[in-house]
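Reviewing the structure listed below.
The values are calculated or read from the model by the stated rules, or taken from the named source; none is laboratory data. Computed from a predicted structure; not experimentally measured. Note that we place each Cβ from the backbone using ideal geometry, even for glycine, and neighbour counts take in every protein chain shown.
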Amino acid sequence: MSSLLKSRKFWLAIFAVVQTVVLHYLPGIPVEVWAAIDAVVIMLIGSIALEDAGAKSAGKA
């Protein structure tokens, strides 16, 4: 559980869910805006996962 709370990917996923829900219910925010933010966060999570996998395969983690 401790490693989950220290995970950058976990906190980015929580941020993505919260921002999606909040921006979905705020009037005047176009869907394209919060969907674009979601896409950027998903790419960031993927790149962190790739970095972690590379470090693990190199024996650094």
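Quick check: is even one residue across the range 20-37 in contact with a helix residue (DSSP H, G or I) (Cβ under 8 Å, 6 or more places away or on another chain), touching a residue at least 24 places away in the same chain (Cβ under 8 Å) and surrounded by 10 or more Cβ atoms within 10 Å (Cβ to Cβ)? No, because not a single residue in the range 20-37 is in contact with a helix residue (DSSP H, G or I) (Cβ under 8 Å, 6 or more places away or on another chain), touching a residue at least 24 places away in the same chain (Cβ under 8 Å) and surrounded by 10 or more Cβ atoms within 10 Å (Cβ to Cβ). Here's a check for you: in the range 3-20, which residue that is in a helix (DSSP H, G or I) and of a type in the set (Lys, Arg) is nearest to the chain's Cα centre (by Cα)? The residue in question is Lys9. The set of residues in the range 2-30 being among the hydrophobic types (A, V, I, L, M, F, W, C) and modelled with pLDDT of 90 or more consists of Phe10, Trp11, Leu12, Ala13, Ile14, Phe15, Ala16, Val17, Val18, Val21, Val22. Do you know which residues across the range 45-60 are of a type in the set (A, V, I, L, M) and either surrounded by 11 or more Cβ atoms within 10 Å (Cβ to Cβ) or under 18 Å from Phe10 (Cα atoms) (or both)? Ile45, Ile48, Ala49, Leu50, Ala53, Ala55 - these are the residues of the range 45-60 that are of a type in the set (A, V, I, L, M) and either surrounded by 11 or more Cβ atoms within 10 Å (Cβ to Cβ) or under 18 Å from Phe10 (Cα atoms) (or both).
Residue by residue through the range 21-57, note down the ones that are in a helix (DSSP H, G or I) and not hydrophobic (A, V, I, L, M, F, W, C). Residues satisfying the conditions are His24, Tyr25, Glu32, Asp38, Gly46, Ser47, Glu51, Asp52, Gly54, Lys56, Ser57.
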